[in-house]
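Some notes on the structure that comes next.
The values are calculated or read from the model by the stated rules, or taken from the named source; none is laboratory data. Quantities reported herein were computed from a predicted structural model and do not represent experimental measurements. Here the Cβ is made from the backbone with ideal geometry for all residues, glycine too, and neighbour counts use every protein chain on show. Side chains included, ligands, DNA and RNA excluded: accessible areas come from the protein's heavy atoms. Shrake-Rupley method; radii C 1.70, N 1.55, O 1.52, S 1.80 Å.
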Amino acid sequence: MSYGDSNPRVLIVDDEPDIRELLEITLGRMGLETVSAANLAQAYACLAQGEPLQLCLTDMRLPDGNGIELVEHIQQEHPSLPVAMITAHGNVDSAIRALKAGAFDFISKPVALEKLRSLVSSALELGTVPASTSTSDGELIGETSAMDALRHQIDKLARSQAPVHIRGESGSGKEVVARAIHGHGPRAAGPFVAVNCGAIPAELIESELFGHLKGSFTGASRDKLGLFQAAEGGTLFLDEVADLPLAMQVKLLRAIQEKRVRPIGANEEVPTDTRILSATHKSLAREVEAGRFREDLFFRINVIELEVPSLRERTADIPQLTEALLQRIATANASDTPALSQDALAALASYHFPGNVRELENILERASALCDGGVISADDLQIGSIDRPSLPTPEQTVVASGPPTDSLAEVAGDLDAYLADIERRVLTEALEANRWNRTETARSLGISFRSLRYRMKKLALDD
């Protein structure tokens, strides 16, 4: 491996001479220069010399303190220097503490040289990744203070390998944020794989995440690569992670901690090199309190939490967002970009947007199709029709839309069809109210996702 005229320098901090020697030899074979320290005092002295360093590897336990202190010192005095922590095998608490303090990543003893080389390579690539300056590839649109703060956090988190949990309302752009973290980090050249955990039936989620071997179960006609392996060298984004069944949460926790997965039907685990990002519109802390989400998994994926602001918190961004979305819609439809009238812009500015940016895009897409003369008016937005009352109960629907009592005899002849029609109307209204998000629709109706899927198929609503 060649690094040009000047090879990167790595600071190794460990009080065990054998470990220091192993790291020096391994990094030397990678073409790197090393500087070693046996304790915190020596490490601080090396940092104070001012000679450029590209990475620091430090043990957790040191004679005059611990590695967390060094991580915090480097974060304060040398924020561009990535630090990787060496922890005792199985000491997950120490690893999480290090990541929370700002460590780039961690590696456990006994040090696996292949993992060490991968970690070092990823850390050194940070120096070649430019920080975002405006809209993160044109997706994070807006110039409000809320968006500036979000971009700053994204740039900081992109320099780490720590798991990040992204919170935000539905439609606020959580996946866009996850892609920005991936795209501005050392894994940008690797794949970004997103999966909605709430949209996969419980019986298939293990196969989706970990893969399976041919013949491992009925219908397994060929080997299938799991999403962990598909995201090798990149990022796996677990959207709506709170919807994972508890049994699957146990397996996910092990996969994240051990960085290994076992495909269904396989005898051995497969190592994986994947950064985990997750998201949900729920409060994971409340899900833990309710017993629906494992506390140990919560602490593992919630090492760092990032909040995505709702559109209501950045209404000043609506004109810029609207312009960008209208251009995108016009490009997709191979049409001219419509203009937005002042009354339409005022209507958008005063709307509360429960569906956030996704709802804004849906509104503009419909308005683009309805407008005349290439100008969108307030009436074209149809925002008033979106502010509907709460969903009626099936009983209310029967009263509102059913036949008069003196014609009930006519219903008796085809009761099944009559009831199916009621159910179809209730489901359709619920789906429309939730922008056809099936997970949200099932939750609003108080039924399981699987039950909703069955009913939609039965009523021909899944076409």
request  = Give the residue that is farthest from H281 (Cα to Cα), with candidates limited to residues of the range 191-207 that are in contact with a strand residue (DSSP E or B) (Cβ under 7 Å, 6 or more places away or on another chain) and either among the aliphatic types (A, V, I, L, M) or not in a strand (DSSP E or B) (or both).
outcome  = S207
task = Evaluate the following for D317: is it in a helix (DSSP H, G or I) and within 25 Å of D148 (Cβ to Cβ)?
result = yes
remark   = Residue pairs qualifying under the 7 Å Cβ cut-off, at least six apart or on distinct chains, with the first in the range 349-372 being more than 23 Å from T331 (Cα to Cα) and the second being open to solvent by 10 Å² or more (accessible area, probe 1.4 Å) and among the aliphatic types (A, V, I, L, M), are Y351/I383
message = If I ask for residues that are of a type in the set (G, A, S) and on the phi > 0 side of the Ramachandran plot, which ones from the range 230-273 would you list?
response = G233, G265
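Among T34, T58, which is the only one that is open to solvent by 40 Å² or more (accessible area, probe 1.4 Å) and in a strand (DSSP E or B)? Even if it seems obvious, please write down each step before you answer.
Working: T58 fails: open to solvent by 40 Å² or more (accessible area, probe 1.4 Å).
After ruling out the rest, the residue left standing is T34.
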message = Exactly one condition in (1) under 27 Å from P186 (Cα atoms); (2) open to solvent by 20 Å² or more (accessible area, probe 1.4 Å) is false for L70; which is it?
response = (2)
note = Checked the range 426-445 for anything part of a loop (DSSP other than H, G, I, E, B) and open to solvent by 40 Å² or more (accessible area, probe 1.4 Å); matches are R435, W436, N437
message = Condition first: more than 29 Å from A112 (Cβ to Cβ) and aliphatic (A, V, I, L, M). Can you find one or more residues in the range 250-266 that meet it?
response = no
ask   = So which residues in the range 101-126 are surrounded by fewer than 15 Cβ atoms within 10 Å (Cβ to Cβ) and in a loop (DSSP other than H, G, I, E, B)?
value = P110, A112
Per-region count, the range 142-159, residues in a loop (DSSP other than H, G, I, E, B), buried (at least 20 other Cβ atoms within 10 Å of the Cβ) and either of a type in the set (V, I, T) or at pLDDT 90 or above (or both) = 1
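So which of A285, A279, A290 ends up being within 30 Å of A242 (Cβ to Cβ) and in contact with an Asp or Glu (Cβ under 6 Å, 6 or more places away or on another chain)? First the steps, then the outcome.
Working: A285 fails: in contact with an Asp or Glu (Cβ under 6 Å, 6 or more places away or on another chain); A290 fails: in contact with an Asp or Glu (Cβ under 6 Å, 6 or more places away or on another chain).
Sole residue among the options that is within 30 Å of A242 (Cβ to Cβ) and in contact with an Asp or Glu (Cβ under 6 Å, 6 or more places away or on another chain): A279.
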query = If we keep just the residues of the range 278-311 that are in a strand (DSSP E or B) and open to solvent by 50 Å² or more (accessible area, probe 1.4 Å), which is farthest from I96 (Cα to Cα)?
reply = E307
key: Search result, residues across the range 254-271 that are open to solvent by 10 Å² or more (accessible area, probe 1.4 Å) and either over 23 Å from G215 (Cα atoms) or in a strand (DSSP E or B) (or both)   = R254, I256, Q257, E258, K259, R260, I264, V270, P271
inquiry  = Checking the structure you have, find out if any residue of the range 163-181 is farther than 16 Å from L227 by Cα and more than 15 Å from the chain's Cα centre (by Cα).
reply    = no
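Condition first: open to solvent by 10 Å² or more (accessible area, probe 1.4 Å) and out of contact with any Phe, Trp or Tyr (no Cβ under 8 Å at 6 or more places or on another chain). Now tell me which residues in the range 312-325 satisfy that.
To start, the set of residues in the range 312-325 that are open to solvent by 10 Å² or more (accessible area, probe 1.4 Å) comprises 312-316, 319-320, 323-324.
Across the range 312-325, the qualifying residues are E313, R314, T315, A316, P319, Q320, E323, A324.
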ask   = Which ones in the range 351-386 are modelled with pLDDT under 90 and open to solvent by less than 30 Å² (accessible area, probe 1.4 Å)?
value = C371, I383, I386
query = With E69, E21 as the choices, which residue is farther than 16 Å from E114 by Cα, under 34 Å from the mean Cα position of the chain (by Cα) and assigned to a helix (DSSP H, G or I)?
reply = E69
query = Are any residues in the range 74-88 of a type in the set (A, V, I, L, M) and surrounded by fewer than 22 Cβ atoms within 10 Å (Cβ to Cβ), and if so, which ones?
reply = L81, A88
key: Condition check for D336: outside any helix (DSSP H, G or I) and touching a residue at least 12 places away in the same chain (Cβ under 8 Å)   = yes
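Say we look at the range 206-252 and pick out the residues that are closer than 18 Å to A442 by Cα and surrounded by 18 or more Cβ atoms within 10 Å (Cβ to Cβ); which of these is nearest to the chain's Cα centre (by Cα)?
Going through the range 206-252, the residues closer than 18 Å to A442 by Cα turn out to be 239-245.
Now narrow it down to the ones that are surrounded by 18 or more Cβ atoms within 10 Å (Cβ to Cβ): 239-244.
On the way: D239: 5, E240: 8, V241: 9, A242: 12, D243: 14, L244: 14 Å.
The extreme case among them is D239.
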message = Within the range 310-324, does at least one residue satisfy the condition of being closer than 14 Å to H165 by Cβ and in contact with a strand residue (DSSP E or B) (Cβ under 7 Å, 6 or more places away or on another chain)?
response = no
query = Can you tell me which residue in the range 190-203 is surrounded by the fewest Cβ atoms within 10 Å (Cβ to Cβ), limited to those that are over 13 Å from the mean Cα position of the chain (by Cα) and at pLDDT 90 or above?
reply = P191
